[in-house]
Amino acid sequence: MLLYYFGTKERLVSEALAIDERRPLLRIREAVAAAGPPEDAAGLRRLLDGMWRQFGCPDLRAALPLYLEMMTTSLLHPDRYGPLMRDLLTEWTDLVAGLLRGLGLSGERAAHEATVLVDAGFGLLFVPLATGDWERATTAYGLLLDRLEPGWRATPDDCRDA
């Protein structure tokens, strides 16, 4: 019956993940809706630190191997999870880029900053699945934010691009 309704195992998994209430993407959107978007780089940093801490929760950490499997499968068999992974990465990048635009960055600059943050963040989530060293990943994520945060301030060029 599941194949009748969903067509493939991959579609079933995709649909299940799409309605998972524990997804950090939903949680960060809810936090922004409740408190409003960050007003400065330090506020965005606090929001992103909070998001990273969510990945330390056992229920979320337990789901990471599934996302890694989907990402790997999307590389080996793009027809299976490729669209899901592209959508997931696009959603994250768009969300972060929107928050950066809210800080006054131009659209292009916000997109580049968001891409660095999201892509590196996913890497920092997946490596500890192999090494088990979550403390190292958390330290590295903090270092990543240390390096990126100074770039989250608008410049005169951003005003011209707006």
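Each reported figure results from applying straightforward, stated rules to the coordinates on display, with no laboratory input. Quick caveat, the model's predicted, so the values are computed rather than measured. Note that each Cβ is placed from the backbone with ideal geometry, even for glycine, and that neighbours are counted across all protein chains shown.
Taking θ as phi - 60° and the Karplus parameters 6.51, -1.76 and 1.60, the scalar couplings of the range 104-121 work out to x, 6, 5, x, 5, 5, 4, 5, 5, 4, 5, 4, 4, 5, 5, 5, 5, x Hz in sequence order, x denoting glycine and proline.
In the chain, taking the dipole from charged Cβ atoms about the Cα centre, the farthest positive-side position among LEU48, LEU3, LEU25 is held by LEU3. Among the listed values [x] 1.02; [y] 0.93; [z] 1.00, the one matching Rg/Rh (Cα atoms, Kirkwood Rh) as calculated from this structure is [z]. Taking only the Cα atoms of the range 111-162, the radius of gyration and Dmax are 14.2, 46 Å. For the chain, excluding the exposed loop sites themselves (GluC sites (Glu not before Pro), DSSP loop, at most 10 other Cβ atoms within 10 Å), the longest remaining stretch covers 40-162. The orientation-averaged projection of the convex hull spanning the C-alpha atoms of the range 82-145 amounts to 4.8 square nanometres.
Relative to one another, the C-alpha centroids of the range 121-145 and the range 34-50 are positioned 21 Å apart.
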